[in-house]
Amino acid sequence: MSKITQRRYKLLFDFDNVHTFLEDMYNIESLNSYLLPQFFEYAHTNPAFCHKLTHRFGLWEKGEELVGVACYEMNIGEAFLSVKNGYGFLLPEMLRYAENELSTLTDGGHSLSVWITDKEPEKQTLLLQNGYQKSHAEPVRIFTYDKPFLDVSLPDGFSIISLEDENDYEKIDACLWKGFDHGDMLGYDLDGRMLMQSGPNFRRDLTSVIKAPNGDYACFAGMWYDAKNKYAYLEPLATVPEYRRMGLATIALTEGMRKTKKLGANYCFGGVPEFYTAIGFETILNRELWKKQY
């Protein structure tokens, strides 16, 4: 029998294999610590992602088969531990690896936060036994497609398009910058916005944009589709402050959900704000952040 070996992640070599592993690991009951393949890919194409430290990701392999991954979302200080079914015995070793490779130095000591869900008792027990304390929790919500979509009309003068119709990087940058309340713009990050569309599974046709009467982008809703597991994943969703409370986010999100339903999706993942529950999303479990300083 092949023994289990551990090595570092090679960004250009290993991305596809890890993405496929996360698709295969998908389980609606526990959500694999919410380390969804779309979550993993979106992070890799985010301008804030720390590419230069991805060699600190750890991979565990049995022969040529990937059986475990330890990684961060955007940067060190946070970690995800994912194992194939039947390989939970690797988790203590993976946690030690994460403490050595994915922690940060704070006030002369180390700090690490580990994301899990409240449906993963094995990971909860491991973290408790190793001195971690739960520091944060937030809901994971989905909209099931057996329910009717909300019927909201666009305000006069507004229009909805996909990035296949028009793809103006300056307008996208302005919409996302203002929509995420970053304040006044000091310049455009066009390369960052191009990077965000560079993922192999990014879909321009599923991304919805609402244009204001003056031609600016008022709302942006990115949508991803997992053809294997039949669900949609929303990321990102942002509305420029001056165009809020007009139903634009609901319209843009619903457009993406309609498109993915036609592709075969059964539900869509949303976000944390109460906006999602107000339009019919339901909480299925909670993400938990467990922290340790040592």
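Points to keep in mind about this one:
- Selection from the range 275-294 of residues that are modelled with pLDDT of 95 or more, part of a loop (DSSP other than H, G, I, E, B) and surrounded by fewer than 21 Cβ atoms within 10 Å (Cβ to Cβ): Ile279, Gly280
- Selection status of Ser153, farther than 25 Å from Met246 by Cα and either assigned by TED's automatic domain parsing to the domain that holds Lys62 or assigned to a loop (DSSP other than H, G, I, E, B) (or both): no
- Scanning the range 236-287 for residues that are among the acidic types (Asp, Glu) and under 25 Å from Ala43 (Cα atoms) yields Glu255, Glu274, Glu282.
- Selection status of Asp181, among the charged types (D, E, K, R) and in contact (Cβ under 8 Å) with a residue 24 or more places away in the chain: yes
- The set of residues from the range 91-122 being more than 20 Å from Gln6 (Cα to Cα) and among the basic types (Lys, Arg) comprises just one member, Lys119.
- Unmet requirement for Arg245, which otherwise passes all of (1) over 20 Å from Tyr34 (Cα atoms); (2) of a type outside the set (A, V, I, L, M, F, W, C); (3) not in a loop (DSSP other than H, G, I, E, B): (3)
- Residues of the range 65-120 that are out of contact with any strand residue (DSSP E or B) (no Cβ under 6 Å at 6 or more places or on another chain) and among the acidic types (Asp, Glu): Glu65, Glu73, Glu93, Glu101, Asp107, Glu120.
- Residue satisfying all of: in the range 16-33; more than 15 Å from the chain's Cα centre (by Cα) and over 24 Å from Pro121 (Cα atoms); surrounded by the fewest Cβ atoms within 10 Å (Cβ to Cβ) among these: Asp16
- Residue check for Gly58: within 30 Å of Trp177 (Cα to Cα) and outside the structural domain of Leu176 (by TED's automatic domain parsing): no
- Breaking point among (1) in contact with a Phe, Trp or Tyr (Cβ under 7 Å, 6 or more places away or on another chain); (2) loosely packed, with under 14 Cβ neighbours inside 10 Å, for Ile142: (2)
- Top-ranked residue of the range 226-268 - restricted to ones that are closer than 20 Å to Glu23 by Cα and among the basic types (Lys, Arg), ranked as surrounded by the fewest Cβ atoms within 10 Å (Cβ to Cβ): Lys228
- The listed residue being more than 22 Å from Ile279 (Cβ to Cβ), surrounded by 15 or more Cβ atoms within 10 Å (Cβ to Cβ) and of a type outside the set (Val, Ile, Thr), out of Leu128, Leu190, Leu176, Leu163: Leu163
- Scanning the range 124-160 for residues that are of a type in the set (A, V, I, L, M) and touching a residue at least 12 places away in the same chain (Cβ under 8 Å) yields Leu126, Leu127, Ala137, Val140, Ile142, Leu150, Val152, Leu154, Ile160.
- Residue under evaluation Asn214, criteria (1) over 19 Å from the mean Cα position of the chain (by Cα); (2) among the polar types (S, T, N, Q); (3) within 16 Å of Phe180 (Cα to Cα), criterion not met: (3)
- Residues that are loosely packed, with under 13 Cβ neighbours inside 10 Å and in contact with a helix residue (DSSP H, G or I) (Cβ under 7 Å, 6 or more places away or on another chain), drawn from the range 48-62: His51
The values are calculated or read from the model by the stated rules, or taken from the named source; none is laboratory data. The structure displayed is predicted, hence computed values, not measured ones. FYI the Cβ positions are ideal-geometry reconstructions off the backbone, even for glycines, and counts take in every protein chain you see.
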